[in-house]
Each structure stands twice: as C-alpha cells, then as structure tokens.
Amino acid sequence: MGEKTERRQGCYLVISVNRNAMRIVREVIGRADDLNVRVLKTSNGATVIDMGIEAAGGWEAALRFVDISLGGLGRSSLSIRKIKDLDIPVLHVFTDHPLISCLCSQISGWVLKGAEGPDGIAPLGSGPARAVARRDKFITEFDYADRCEDVVLLLQMDRIPDENIAAVVADGCQVSPEHVYLLAARTGSVVGSANVSSRTLETSIWRLHELGFDLNRVIAAWGEAPVAPYCDDELTAMVRVNTFVYYGGCAGFVVDGDDDELRRITPLMPLSPQTCPDYHIGFAELFERAGRDIFKMDTFVHSVARVTIYNRRTGAVFSAGEPDEEMLYASLKWRPK
C-alpha cells in the first residue's frame, strides 16, 4: 500500500498530504511573528507550533491551520454572515480531493493512546500524519496511505504538546521525533473556533459514506459554517463551535451518480427534526448525556444544517435542510452551571 495515485488526463499524479502540508508549515514557521504564533521544540526534538494556546494566533493563522489540516488539498477563506442582529465571520472550504483531504487527512480520528494528559484523556489528532499512521477507522476504510519523511499532526487542546505526544506520533508514523510537527490551538481561540467551522465537509462526507455512496464518485466539494465567538472557557467554546457547525454549517458536493440514489439520500444527510429526534435539545445537554464523549452523539457528529449535491452525470441538483438561526443564537447565551 503506497501513496495515492490518481489518473488525470493520461498521466499519474502521486499525492502526499504531508509533503503538501509541510510547504505551508514552513511558511508559518518563517512568519511566526506576523501570524502571532510561537515555534517551540520538545525535549526529544519535535517541532511544536502554538497557534492559539499561549500564543494569540489570529485569522491569518486560522486559514493556514485549516489548509494544513486538509493536507494542502483544499483552500479556506473568510466572509461575513448576518445572524439576526449579529455580524458573524464565516469559514469557507473548497477542495478538489474530498476523500483524501477530509477523511484521510483532516478529520479528528487518531486517539493518541500513551499520551494521556493529567485528566487521563488521550489527545485526538487530526491532519496529514493520520495518513502515515493509519490508526483510526476513518482512514482504514479507504486504501490511501502516505509516505513522507516529515509528518504533521494538528491538535485541539488547552496545553502545549509535549515530548510524550511527539513520541507517540513518531512511533505511529515510524519516523524520529525530529521529523514530527505538532500544531495546536485551544477551542476557545480564533484558530480553534475557525478550525471547527472548517469541518463541515469531513462530517458530511462521512455521512455520505455511511449512507452507502461510493466516495470515489465525489469529484469536488465545498462547505461553510459561521465561526462561533470564541472565549476563554473551553466548555462554553466547545458548545458554541459545535452548535455553529451542526446547526449553521452547509456542505456541497459534485458527484457522478444516479439521480434516484441521490434523491433518496440527500434528505437523510442534514441535521433536522426528521433525521434527529433530539434536534431542539441544546448541544450542551446532549453532550452531558453522552458522558462528554462527542462520538457517542451519533446523530449529531456527522451532520450539517444544509446539504446540496450536484450530479455531473445528469445536471440534476438536490438540496435539503436549512440553517437554524434560533439554535445558533441560543447557544451564545449558554453558560456552564
């Protein structure tokens, strides 16, 4: 099993998500001061880029964080959306390689067992290094694997990644720690909030896979979600960012498919009262019910508010769902008890 080889117009292209990501990582390192990030070294030689834990980060850092998470196979941008009386930034993502960029790179799937923090919880890694390690269900479903001397992993956490995390990543990827690059930000930071808003595609394309659609027939994709106002309290930030993706996110796909199949599955994709019996219950309450394990919230984790599918074969367009501004607005008033 080797790197993904794609056939395009009579030639073969070899795609390495880590090699692509490292081009952006090197830019971030070279412009650390401009981007309000800090570059550190662990005791075993791994490179850590603090993009929103102790460092301030910012919008430019957020866009690079997202592009790195996509393995350099997507592009992110920002705009503004009005939600009731509020002007809210919106994070947009476009990719011509949805399967590789979203499920084989971006999605948070690698549980770093052996690198548990003081709370006993193992960090959850996302990004290109997953395609080398192949340790989680989201990538082992597919045949893509990357090989690269340098590996890049992204972490959403409230402490600076240490040598233990670097060692687990190095071991999983079969590289020395000196070739490990760890990028990290808190959920309650600009980068952390924007990062969650960028995940409209990863969550909805996995839903498409669960519904039985062959993801090799997904040609291109785009997504957008409002970026939740960030704050210092991590639980409040988590409630906000997830609410904004699930109730405010939109995803679109260009596919080569059968109209009858697409007509059947499109209404099953977005989060709605028809697809989720707990639709109008706040995310915070459902999160507590699930023991604060987001992956036990099955009807939420792989949904967005609206899905649009273009069938290139026939020209037909299918759409379902709608953002729920009431739920978005309500989440901004929630506070921990």
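The values are calculated or read from the model by the stated rules, or taken from the named source; none is laboratory data. Quick caveat: nothing in here was measured; it's all calculated off a predicted structure. Cβ coordinates were reconstructed from backbone atoms using ideal geometry, including for glycine residues, and neighbour counts include every protein chain displayed.
Please work out which residue is nearest to the chain's Cα centre (by Cα), limiting yourself to segment 25-60 and to residues that are crowded, with 20+ Cβ neighbours inside 10 Å and part of a helix (DSSP H, G or I).
First pass over segment 25-60, keeping only residues crowded, with 20+ Cβ neighbours inside 10 Å: 25, 28, 35, 37, 42, 46-53, 55, 57.
Remaining after also requiring part of a helix (DSSP H, G or I): 25, 28.
Working: 25: 17, 28: 19 Å.
Here the residue is 25.
Based on what the data block shows, is residue 271 surrounded by 13 or more Cβ atoms within 10 Å (Cβ to Cβ), touching a strand residue (DSSP E or B) at 6+ places or on another chain (Cβ under 8 Å), closer than 26 Å to residue 188 by Cα and modelled with pLDDT under 95?
Details: surrounded by 13 or more Cβ atoms within 10 Å (Cβ to Cβ): yes; touching a strand residue (DSSP E or B) at 6+ places or on another chain (Cβ under 8 Å): yes; closer than 26 Å to residue 188 by Cα: yes; modelled with pLDDT under 95: yes.
Taking the combined requirement at face value, the residue satisfies it.
Quick one: in segment 236-252, of everything that is among the aliphatic types (A, V, I, L, M) and within 19 Å of residue 76 (Cβ to Cβ), which residue is modelled with the highest pLDDT?
So in segment 236-252, the residues among the aliphatic types (A, V, I, L, M) come out as 237-239, 241, 245, 251.
Next, from what is left, pick out any that are within 19 Å of residue 76 (Cβ to Cβ): 241, 245, 251.
Numbers: 241: 95, 245: 95, 251: 98.
It comes out as 251.
Taking the conditions exactly as written (buried (at least 24 other Cβ atoms within 10 Å of the Cβ), aliphatic (A, V, I, L, M) and either in contact with a Gly (Cβ under 7 Å, 6 or more places away or on another chain) or at pLDDT 95 or above (or both)), does residue 73 satisfy them or not? Before you say what the answer is, go through the steps one by one.
Values: buried (at least 24 other Cβ atoms within 10 Å of the Cβ): no; aliphatic (A, V, I, L, M): yes; either in contact with a Gly (Cβ under 7 Å, 6 or more places away or on another chain) or at pLDDT 95 or above (or both): yes.
In short, no.
Check residue 266 against each of (1) farther than 30 Å from residue 87 by Cβ; (2) surrounded by fewer than 15 Cβ atoms within 10 Å (Cβ to Cβ) and name the one condition it does not meet.
It fails just one condition, (2).
Confirm whether residue 240 is buried (at least 23 other Cβ atoms within 10 Å of the Cβ) and either farther than 17 Å from residue 322 by Cα or acidic (Asp, Glu) (or both). I'd like the intermediate steps shown before the answer.
Values: buried (at least 23 other Cβ atoms within 10 Å of the Cβ): yes; either farther than 17 Å from residue 322 by Cα or acidic (Asp, Glu) (or both): yes.
Judged against the criteria, residue 240 is a match.
Identify all residues within segment 307-330 that are surrounded by 15 or more Cβ atoms within 10 Å (Cβ to Cβ) and closer than 25 Å to residue 259 by Cα; write none if there are none.
307, 308, 309, 310, 311, 318, 319, 320, 321, 323
Quick one: residue 57 ticks every box in (1) under 17 Å from residue 193 (Cα atoms); (2) free of Cβ contacts under 8 Å to residues at least 12 places away in the same chain; (3) among the small types (Gly, Ala, Ser) except a single one, so which number is it?
Evaluating residue 57 over (1) under 17 Å from residue 193 (Cα atoms); (2) free of Cβ contacts under 8 Å to residues at least 12 places away in the same chain; (3) among the small types (Gly, Ala, Ser) leaves (2) as the failure.
Yes or no: residue 96 touching a Gly at 6+ places or on another chain (Cβ under 6 Å) and surrounded by fewer than 20 Cβ atoms within 10 Å (Cβ to Cβ)?
Numbers: touching a Gly at 6+ places or on another chain (Cβ under 6 Å): no; surrounded by fewer than 20 Cβ atoms within 10 Å (Cβ to Cβ): yes.
So residue 96 does not fit the description; no.
Kindly evaluate residue 250 against the criterion of being touching a Gly at 6+ places or on another chain (Cβ under 7 Å) and surrounded by 17 or more Cβ atoms within 10 Å (Cβ to Cβ).
Numbers: touching a Gly at 6+ places or on another chain (Cβ under 7 Å): yes; surrounded by 17 or more Cβ atoms within 10 Å (Cβ to Cβ): yes.
In short, yes.
I'm checking my understanding of the structure. Among residues of segment 274-318 that are outside any loop (DSSP other than H, G, I, E, B) and at pLDDT 95 or above, which one is nearest to residue 238 (Cα to Cα)?
Of all residues in segment 274-318, those outside any loop (DSSP other than H, G, I, E, B) come to 283-289, 294-296, 298-301, 306-311, 317-318.
Now drop any that are not at pLDDT 95 or above, which leaves 306-311, 317-318.
Numbers: 306: 21, 307: 23, 308: 26, 309: 29, 310: 32, 311: 35, 317: 34, 318: 31 Å.
Step by step, filter segment 274-318, then rank; the result is 306.
Just give me the residues in segment 206-223 being in contact (Cβ under 8 Å) with a residue 24 or more places away in the chain and either assigned to a loop (DSSP other than H, G, I, E, B) or buried (at least 24 other Cβ atoms within 10 Å of the Cβ) (or both), in sequence order. Steps first, answer last, please.
In the first step, residues of segment 206-223 are kept if they are in contact (Cβ under 8 Å) with a residue 24 or more places away in the chain; the result is 206-213, 215-223.
Residues satisfying the conditions are 208, 211, 212, 213, 221, 223.
Here are the criteria: (1) in a helix (DSSP H, G or I); (2) surrounded by fewer than 20 Cβ atoms within 10 Å (Cβ to Cβ); (3) free of Cβ contacts under 8 Å to residues at least 60 places away in the same chain. Tell me which single one residue 235 does not satisfy.
Unmet for residue 235, out of (1) in a helix (DSSP H, G or I); (2) surrounded by fewer than 20 Cβ atoms within 10 Å (Cβ to Cβ); (3) free of Cβ contacts under 8 Å to residues at least 60 places away in the same chain: (3).
So in segment 118-135, with the set limited to residues that are closer than 17 Å to residue 150 by Cα and under 15 Å from the mean Cα position of the chain (by Cα), which one is surrounded by the fewest Cβ atoms within 10 Å (Cβ to Cβ)? Let's see the steps before the verdict.
The first filter runs over segment 118-135 and keeps only residues closer than 17 Å to residue 150 by Cα, leaving 125-134.
Add one more test, that the residue is under 15 Å from the mean Cα position of the chain (by Cα), and what stays is 125-131.
Working: 125: 27, 126: 24, 127: 27, 128: 34, 129: 30, 130: 32, 131: 27.
Among those residues, the one meeting the criterion is 126.
Please give the helices (runs of 4 or more DSSP H) falling wholly within segment 105-205 in which 2 or more residues are touching a helix residue (DSSP H, G or I) at 6+ places or on another chain (Cβ under 8 Å), touching a residue at least 12 places away in the same chain (Cβ under 8 Å) and within 22 Å of residue 54 (Cα to Cα).
Numbers: elements: 130-133, 137-140, 163-173, 190-197.
By residue number, 163-173, 190-197.
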